[in-house]
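The values are calculated or read from the model by the stated rules, or taken from the named source; none is laboratory data. Keep in mind the model is a prediction, meaning the values are calculated, not measured. Don't worry about glycine lacking a Cβ; one is built from the backbone with ideal geometry, like all the others, and counts go over all protein chains shown. These accessible areas exclude ligands, DNA and RNA; they are computed on the full protein's heavy atoms, side chains included. Shrake-Rupley method; radii C 1.70, N 1.55, O 1.52, S 1.80 Å.
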Amino acid sequence: MDRVIIFDTTLRDGEQAAGGTLNIQEKLEIARQLEKLGVDVIEAGFPISSPGDFEAVRLIAKEVRTPVICALAHANPQAIDRAWEAIKDAAHPRIHVFLSSSDIHLLHQLKKSREEILQTSRDMVARAKKYTDDIEFSPMDASRTEPRYMYQVLEAVIDAGATTVNIPDTVGYAIPQEFGDRISGIFKHVPNISKAVISVHCHDDLGLSVANSLEAVRRGARQVECTVNGIGERAGNASLEEIVMAIKTRKDFFNLNTNINTTQIYKASRLVSELTGFTVQPNKAIVGRNAFRHQSGIHQDGVIKMPITYEIMDPKTVGIPSSSLVLGKLSGRHAFKERLLELGYSLSEQDLARAFQAFKELADKKKEVTDRDIESLIAQEQRTVSEVYHLDLVQVSCGDKGMPTATVRLIGPDGKELADASLGTGPVDAVYKAINRILQVPNKLTEFTVKSVTEGIDAIGEVLIRIESGGITYTGRGADTDILVASAKAYMNALNRLLSAKKVAG
Ligand code: KIV
Ligand code: ZN
């Protein structure tokens, strides 16, 4: 096979990243973007882990019809039954069963013998196979598993019906050549391997997840598990955009393809960053702000003469817009719509009207409206759509001699206006205390950051916060040219997520 299957686990392993909680609507929005991106498989969640995860997987299975929708289950009958319950309406369902296989895990965590693990792996794959043909099995911590025992497990689960066998480098311990040798070993020592696809799932603890995945591909693995922006447990997973663009850019080396529509990569990256609250580092390969910026004079000179001198990829291939058009207050609806389309947004007439109104208000405050401003504005509009309580007004009085005071008015779900005021140690504290007086939702603020979206004194300020309630972290974002308003919006965004999650949990 000359095609590598792209298995996206942003919504499962990606969401396992500390502080990266997504609500159901946000997961659906990401799944829709992954479908546009052309991923072959979406691992939508781990249904037994929580009612919210179960609902999200169920909704995605119903709504997103092109890719395979995969649900994770540990090797236990209830988990497998629950996984099937969540994906049974999918056009292409897959159950992914996992069980540790390394002696380290068997001895210190599971306290089971190799024989017991072998038997359970076989039995649980057979159980899942009664529900659907498409079964994936992962011997967790495979890269630290004694190879002969791993081959035995793989042979047993393929006999029981596994159609994909995934080799996870769960703790990011592997080195490319050694990991590649393990893949070659599977072809050599697992007699029924031709009945299954070999997949790899690499973590980035040593910064080698992409290198390990690509070496595995070179040795014959034909599915790669990865996440947008490389988010995931601890240091994260192999980054989807890096894997895909390495295979595409170095076709001369790999001679392989993927189904990915690479022009959707940038949009997927922005969306995942926006909804998880995980900012993409500027120097991140493919999608970082500086990934295609040339600073040195020699490089700039070369790129002007011929881009290939210092650019191995055309930024347009990954969907980075290259327009030099700057919008301002005289720009009309048509120009605004065109710009949105170029940035990858196709809005309904109603959403377009709202976004255009917001654009006009911004253009009144800001001379030049850039692409990043527009992206921030659209994200702000999308946040407003799913809210339980809407921030209607915020007024703050502060200064070096005054007592910081804030007045806040919210609109409740029944349309009722709710207003209150509070003093605070600073203006943001006063705003948050006024909101707390109205909503009375106990929580702890664990993170607060402000950054400007673009350069200049009139730039939009973007506030990112995280709050914690009942052991769960909720992220909130807000943007405005006034950073106190942005702070209030971010807090309301986090509280609205918390309230929606509580509603789902019942
Ligand atoms: O890292 C890991 O081992 C996993 C498995 C569940 C595949 O995420
Ligand atoms: Zn993982």
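Out of V200, G402, L271, whose Cα points farthest toward the positive end of the dipole of the chain (charges: +1 Lys, Arg; -1 Asp, Glu; placed on Cβ)?
Ranked along the dipole, the leading option is L271.
For R289, what accessible area in Å² do you get when you roll a 1.4 Å probe over the heavy atoms of the protein chains, rounding to the nearest 10?
We get 150 Å² for R289.
What FRET efficiency comes out for E368 versus V441 if R0 is 45 angstrom and r is the Cβ-Cβ distance? Round to the nearest 0.05.
0.70
Quick check: net charge around S331, other residues with Cβ under 11 Å of its Cβ, Lys/Arg +1 and Asp/Glu -1?
Charge balance in the 11 Å sphere: +3.
At what distance in angstrom do the alpha carbon centres of region 310-357 and region 103-172 lie from each other?
Cα centres, region 310-357 to region 103-172: 48 Å.
What is the pair-distance distribution P(r) of the chain, computed from all Cα-Cα distances in 20 Å bins starting at 0, with each bin given as a whole percent?
21, 51, 25, 3
Nearest 20 debye, what's the magnitude of the dipole of region 268-399 about its Cα centre given +1 on Lys and Arg Cβ and -1 on Asp and Glu Cβ?
Computed charge dipole of region 268-399: roughly 280 debye.
Taking H as built 1.01 Å from N, whose amide H comes closer than 5 Å to the amide H of V369, not counting residues under 5 places away?
Placed amide hydrogens put L327, G328 under 5 Å from V369.
Checking the a/c ratio against 1.5 first, then a/b against b/c, what shape does the Cα gyration tensor give for region 297-383?
Note, shape of region 297-383 comes out prolate.
What is the distance, in nm, between label points placed 7 Å from the Cα along the Cα-to-Cβ direction at D89 and at Q357?
About 3.3 nm, to one decimal.
Is region 449-501 rounded, prolate or oblate when judged by the Cα gyration tensor, a ≥ b ≥ c being the square roots of its eigenvalues, rounded requiring a/c under 1.5 and prolate requiring a/b larger than b/c?
prolate
Hey, what do the phi angles of region 73-82 turn into as Karplus ³J(HN,Hα) couplings, whole Hz, using 6.51/-1.76/1.60 and θ = phi - 60°, x for Gly and Pro?
Those phi angles translate into 8, 6, 6, 8, x, 5, 5, 5, 4, 5 Hz.
Assuming R0 = 25 Å, can you tell me the calculated FRET efficiency for the pair K62 and S348, based on Cβ-Cβ distance, to the nearest 0.05?
The computed FRET efficiency comes out at 0.75.
What is the set of long-range amide H partners of V200 at a cut-off below 5 Å, with H atoms built 1.01 Å from backbone N?
Excluding prolines and chain starts, which carry no amide H, the hits are I167, Q223, V224, E225.
At q = 0.12, 0.25 Å⁻¹, what is the base-10 log of I(q)/I(0) for region 407-506 according to the Debye formula with one equal point scatterer per Cα and no solvent? Please give it to two decimals.
Log10 I(q)/I(0), no solvent term: -0.40, -1.39.
Work out from phi, with θ = phi - 60° and the Karplus expression 6.51 cos²θ - 1.76 cosθ + 1.60, the ³J(HN,Hα) of each residue of region 55-70, listed in order in whole Hz, and give x for Gly and Pro.
4, 5, 5, 4, 5, 5, 4, 6, 8, 9, 9, 7, x, 5, 9, 10
Using +1 at the C-beta of Lys and Arg and -1 at the C-beta of Asp and Glu, which of G476, L352, H294 has the Cα lying farthest in the positive direction of the dipole of the chain?
Positive-most Cα among the choices belongs to L352.
Once phi is turned into ³J(HN,Hα) by the Karplus curve 6.51 cos²θ - 1.76 cosθ + 1.60 with θ = phi - 60°, what whole-Hz value does each residue of region 412-421 show in order, with x for glycine and proline?
Karplus-based 3J(HN,Hα) across region 412-421 equals x, x, 8, x, 6, 7, 10, 10, 7, 9 Hz.
Can you find, among I320, A44, G332, the residue sitting farthest towards the positive end of the charge dipole of the chain, where Lys and Arg contribute +1 and Asp and Glu -1 at Cβ?
Of the options given, the answer is G332.
Can you give the longest stretch of the chain with no exposed loop site, where a site means GluC sites (Glu not before Pro) in a DSSP loop (not H, G, I, E or B) with at most 13 other C-beta atoms within 10 Å?
No qualifying site falls inside 1-367, the longest such stretch.
Taking the Cα centre of region 386-505 as origin, work out the dipole magnitude from +1 charges on Lys and Arg Cβ and -1 charges on Asp and Glu Cβ, in debye rounded to 20.
It works out to roughly 480 debye.
Taking the Cα centroid of region 363-398 and of region 1-35, what is the distance between the two, rounded to the nearest whole Å?
Result: 26 Å between the Cα centres.
Hey, if we sort T384, T263 by accessible area with the 1.4 Å probe, largest down, what's the order?
The most accessible residue leads, giving T263, T384.
How do S213, S397, S184 stack up against each other in accessible area, from largest to smallest, with a 1.4 angstrom probe?
S397, S184, S213
Once amide H atoms are built 1.01 Å from N in the peptide plane, which residues 5 or more positions from E462, or in another chain, come under 5 Å H to H?
K451, S452, V453
What do you get for Rg/Rh over region 1-112 if you use C-alpha atoms and the Kirkwood form of Rh?
Reported Rg/Rh, Kirkwood definition of Rh: 1.01.
When a/c is below 1.5 the answer is rounded, else prolate if a/b is larger than b/c, else oblate, so apply that to region 349-434 with a ≥ b ≥ c taken from the square roots of the Cα gyration tensor eigenvalues.
oblate
What angle, in degrees between 0 and 90 and rounded to the nearest 10, separates the Cα long axis of helix 240-249 from the longest principal axis of the Cα atoms of the chain?
Its long axis makes an angle of about 70 degrees.
Quick check for me: using +1 on Lys/Arg Cβ and -1 on Asp/Glu Cβ, what's the dipole size of the chain about its Cα centre, in debye to the nearest 20?
260 debye
Quick one: pull the percent of accessible area on the chain belonging to carbon and sulfur, 1.4 Å probe, ligands and nucleic acids left out.
Ligands and nucleic acids excluded, carbon and sulfur give 52 percent.
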